[in-house]
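Below is one structure, written out as structure tokens, with a few remarks after it.
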Amino acid sequence: MARQRIAVIAGDGIGQEVMPEGLRVMKAAADRFNLSLSFEHFDFASCDYYEQHGRMMPEDWKSRLEGFDALYFGAVGMPERVPDHVSLWGSLLQFRRHFDQYINLRPCRLLQGVTSPLANRAPGDIDFMVVRENTEGEYSSIGGRMYEGTDRELAIQETVMSRHGIDRALRFAFELASTRPKRSLTSATKSNGISITMPYWDERVNAMATHYPDITVDSFHIDILTARFVMHPDMFDVVVASNLFGDILSDLGPACAGTIGIAPSANLNPERRFPSLFEPVHGSAPDIFGQNIANPVGQIWSGAMMLDHLGHAEAADAVVKAFEAVLAQADSAVITPDLGGQGTTETLGRAIADRL
Ligand code: ATP
Ligand code: MG
């Protein structure tokens, strides 16, 4: 197989600390499975870069990143130094948009050795995937303010739901459900309150379902769905949602499955026309930056998703098994403080790489 090129962007804060551990494990996987991967580092998409150059990324970032097979990303944002809307819109959201990463995928799985904030939940009870439409929906920039400064002042923002946009997200979700044993898909809606776009979403779900007769499909309003995430997380397998609802569910899901430090995510261009981006769910966590106590598992698990996307399912699976085994052992000298241990980012990363 030809060499696959990965662009590495550690970004800000603990992104700088967890990325080396992610790379350590990726390199261990490449050694064990004889994968031909190369890693190229970029210092942009960080607040350091912004402070030196007055912008988050160089003018030619598109042409510099376009030829890569994947982007391995840490975290961006240091709100004390650069406002979040500048750092986020100047980097991560540009990648999502330009590289048409129209799926945001987040596995939510309660692992052995990790305590769920939900009472009486054991590993196996929580194991589902949130598929979020990542390009349109409620997060359109169509709208504006009127009558500013008067008491008639108002703000309007339109939701855009296109057949193309919805169908490609749904197709991905149904295909994913087809690969999983439960073969079940849950759609998030709110057609009782949002009376134009959400009924259209439901209509497209029903239309897509006719192509997947062996998948059980149900649909819940977002309000009751969030309650069920907490009360009955065991009832879900693949959950598909619009941009806003998906944003909410894809934070709530990993939270139910324990520490934010372990949760992974992928921003996918499933057709592979552009590079997809793999990043932990957590942000730059300025509150713990510099202490070497950040949990690296979110970065490592995101790396496993990247290996899978690059066609290395066996290696991806071995990475997952390696961190599962290390977490299950719960050696307090190895695991990080968020898991109840006294270990460091590096002790946990090394233990996982050694296990592999
Ligand atoms: P963003 O806006 O980028 O999501 P945030 O400040 O809202 O950033 P995080 O940076 O994810 O959120 O941090 C939320 C909390 O979780 C912080 O208290 C942080 O210390 C903790 N946290 C985040 N990532 C980790 C990690 N890898 N290991 C341990 N704790 C973490
Ligand atoms: Mg946040």
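The values are calculated or read from the model by the stated rules, or taken from the named source; none is laboratory data. As the structure is a computational prediction, the values presented were derived from the model and not from experiment. Backbone-built Cβ (ideal geometry, glycine too); neighbour counts: all protein chains shown.
Got at least one residue in the range 126-142 being surrounded by fewer than 19 Cβ atoms within 10 Å (Cβ to Cβ) and either more than 25 Å from the chain's Cα centre (by Cα) or on the phi > 0 side of the Ramachandran plot (or both)?
Scanning the range 126-142 turns up at least one residue that is surrounded by fewer than 19 Cβ atoms within 10 Å (Cβ to Cβ) and either more than 25 Å from the chain's Cα centre (by Cα) or on the phi > 0 side of the Ramachandran plot (or both).
Step by step: first the residues of the range 301-328, then only those that are assigned to a helix (DSSP H, G or I) and touching a strand residue (DSSP E or B) at 6+ places or on another chain (Cβ under 8 Å), then the one that is farthest from Gly258 (Cα to Cα). Which residue is that? First the steps, then the outcome.
In the first step, residues of the range 301-328 are kept if they are assigned to a helix (DSSP H, G or I); the result is 301-309, 313-328.
Filter once more, so that each one left must be touching a strand residue (DSSP E or B) at 6+ places or on another chain (Cβ under 8 Å): 301-306, 309.
Values: Trp301: 14, Ser302: 16, Gly303: 19, Ala304: 19, Met305: 19, Met306: 22, His309: 25 Å.
Among them, the one singled out is His309.
Give me the pairs, please: first residue somewhere in the range 21-41 and under 22 Å from Arg64 (Cα atoms) and outside any helix (DSSP H, G or I), second residue anywhere and polar (S, T, N, Q) and at pLDDT 95 or above, beta-carbon distance under 6 Å, and either six or more positions apart or on two chains.
Going by the 6 Å Cβ cut-off, the qualifying pairs are Leu37/Gln4.
Run Pro337 past the list (1) closer than 30 Å to Leu93 by Cβ; (2) touching a residue at least 24 places away in the same chain (Cβ under 8 Å); (3) within 10 Å of ligand 1 (Cβ to nearest atom) and report the number of the one that doesn't hold.
Just one mismatch for Pro337, condition (1).
Going residue by residue through the range 79-92, is there one that turns out to be among the small types (Gly, Ala, Ser) and in a loop (DSSP other than H, G, I, E, B)?
Initially, the range 79-92 is screened for residues among the small types (Gly, Ala, Ser), giving 87, 90-91.
This time we only want the ones that are in a loop (DSSP other than H, G, I, E, B), so: 90-91.
Yes: the range 79-92 contains one or more residues that are among the small types (Gly, Ala, Ser) and in a loop (DSSP other than H, G, I, E, B).
Give the residue, chosen from Ala333, Ala315, that is assigned by TED's automatic domain parsing to the domain that holds Gly77, away from ligand 2 (no atom under 16 Å from the Cβ), at pLDDT 95 or above and over 18 Å from Gly22 (Cα atoms).
Ala333
Only residues that are within 15 Å of ligand 1 (Cβ to nearest atom), farther than 12 Å from Ile126 by Cβ and buried (at least 17 other Cβ atoms within 10 Å of the Cβ): list them for the range 211-256, please.
If the condition is that a residue be within 15 Å of ligand 1 (Cβ to nearest atom), farther than 12 Å from Ile126 by Cβ and buried (at least 17 other Cβ atoms within 10 Å of the Cβ), then Asp247, Ile248, Ser250 are the ones that fit.
Which residues, counting only those in the range 257-293, are of a type in the set (Gly, Ala, Ser), surrounded by 19 or more Cβ atoms within 10 Å (Cβ to Cβ) and more than 16 Å from ligand 2 (Cβ to nearest atom)? Steps first, please.
Quick first cut of the range 257-293, residues of a type in the set (Gly, Ala, Ser) only: 257-258, 261, 263, 265-266, 276, 283-285, 290.
Then drop every residue that is not surrounded by 19 or more Cβ atoms within 10 Å (Cβ to Cβ), which leaves 257-258, 261, 263, 265-266, 276, 283-285.
Across the range 257-293, the qualifying residues are Ala257, Gly258, Ala266, Ser276.
Let me spell it out: the conditions are (1) within 16 Å of ligand 2 (Cβ to nearest atom); (2) under 23 Å from Ile293 (Cβ atoms); (3) in a strand (DSSP E or B), and Asn104 meets all of them except one. Which number is the exception?
That leaves (2) as the condition not met.
Tell me which residues, restricted to the range 329-339, are assigned to a helix (DSSP H, G or I) and either under 21 Å from Thr179 (Cα atoms) or touching a Leu at 6+ places or on another chain (Cβ under 9 Å) (or both).
Of everything in the range 329-339, just one residue is assigned to a helix (DSSP H, G or I) and either under 21 Å from Thr179 (Cα atoms) or touching a Leu at 6+ places or on another chain (Cβ under 9 Å) (or both), namely Leu339.
Take the range 31-80 and flag every residue that is more than 16 Å from ligand 1 (Cβ to nearest atom) and within 20 Å of the chain's Cα centre (by Cα).
Leu65, Phe68, Asp69, Ala70, Leu71
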